[in-house]
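A short worksheet on the structure shown next.
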Amino acid sequence: MIIDCHGHYTTAPKALEAWRNQQIAGLKDPTLTPRVADLRISDDEIRASIEDNQLRLMRARGSDLTIFSPRASFMAHHIGDLQTSLTWAAVCNELCHRVASLFPDAFIGAAMLPQSPGEPVTTCIPELERCVREYGFVAINLNPDPSGGHWTSPPLSDRYWYPIYEKMVEYGIPAMVHVSTSCNACFHTTGAHYLNADTTAFMQCLTSDLFKDFPELKFVIPHGGGAVPYHWGRFRGLAQELKRPPLDELLLNNIYFDTCVYHQPGIDLLAKVIPVKNVLFASEMIGAVRGIDPTTGFHYDDTKRYIDAAPELSDADRHMIYEGNARRVYPRLDAALKARGK
Ligand SMILES: [Zn+2]
């Protein structure tokens, strides 16, 4: 079985974006604020938006199941206030739940949280609980920078975040550390802010005792871990200077990297540097990079090709990356699959 741990509903029917634009317009003129009931999307519209896009590509590329969350760049936690985020997250999560209900063999949900800059993270817990208990979601996306590129929140190691971690451990759900749109002109959203955040999150963990406090806590750092695998020697050296334990002991029982790296040399390096037990298959399809690589003739985000071709990996390694590790890191996914006899 091939499990893609990183997919977003980037192809949602246009009515969703129109509703969101109306919600944003309502921040200036409250008479324009739409009701949740004003958003009408039929099951057929959802089916069409998936069948012609993600599902078609999953079938063509040979992946079976995608852990599916709302469109990351649209989370935009910096817009409006807590109520704005609460309503928007509920709307987006419900749509992903509908996708997973219409295509239960191909999609399982991961929740967007209603984060809002300056608000305590406890405000996210009711939505998290709803997504896990009512929708059967198996993970969350946690935004370390809800300000959208200005980094006004405390680091992930700060006690500010602990209420979310307590819930994650209680429910057995990992968090993908995933920022949203950058509203800082210095940082391109998907080309800089995403990769910066991946690297930043890793370093925040390296300099803290977070995983001593939460030995069961699991973070998935997407986009291949940002700069981390490439600079593994720098991080090992920094840990050594700081009198921290070796990285495998300090972080690799809790941190996992996905394979959203869009060329062969990048995957080869990931496979060589990071232990196989810490690598999860993912493509982030259909996402930021949708084109065809003229040097290969294949889509950049067709990441399975790179894993199949990586010389470092054995068949047993590939099985771990495609399925085994995901079942271990996402115990609720494993339980859901076992309940279906898989
Ligand atoms: Zn993503």
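Brief remarks follow.
- For the range 179-194, 3J(HN,Hα) per residue [Karplus equation, 6.51 cos²θ - 1.76 cosθ + 1.60, θ = phi - 60°, Hz, x = Gly/Pro]: 7, 10, 3, 8, 10, 9, 4, 6, 10, 4, 4, 8, x, 10, 4, 4
- In straight-distance terms, cross-link reach from Lys218 covers every one of the lysines whose alpha-carbon lies under 27 Å from its own, apart from those fewer than eight places away in the same chain; here that gives Lys167, Lys243, Lys272, Lys277, Lys304, Lys338, Lys342.
- Seen from Pro114, the other residues with C-beta closer than 11 Å to its C-beta sum to a net charge of -2, counting Lys and Arg as +1 and Asp and Glu as -1.
- Its alpha carbons give the chain an Rg and a Dmax of 19.2, 60 Å.
- The loop-placed trypsin sites (Lys or Arg not before Pro) in the range 186-246, going by DSSP, that have at most 11 neighbouring Cβ atoms within 10 Å of their Cβ come out as Lys243.
- If you take the Cα centroid of the range 21-90 and the Cα centroid of the range 235-309, the two points sit 28 Å apart.
- Residues whose placed amide H lies under 5 Å from that of Leu142, excluding near-sequence neighbours: Met176, Val177, His178
- Ranked Ser208, Ser314, criterion: other C-beta atoms within 10 Å, fewest first: Ser314, Ser208
- Stokes-Einstein, applied to the Kirkwood radius of the range 9-118 over Cα pairs at a viscosity of 1.306 mPa s and 10 °C, places its translational diffusion at 108 µm² s⁻¹.
Rule-based calculations on the coordinates, nothing more; no lab input. Quick caveat: nothing in here was measured; it's all calculated off a predicted structure. Please note: Cβ atoms are built from the backbone with ideal geometry, for glycine as well, and neighbour counts cover all protein chains shown.
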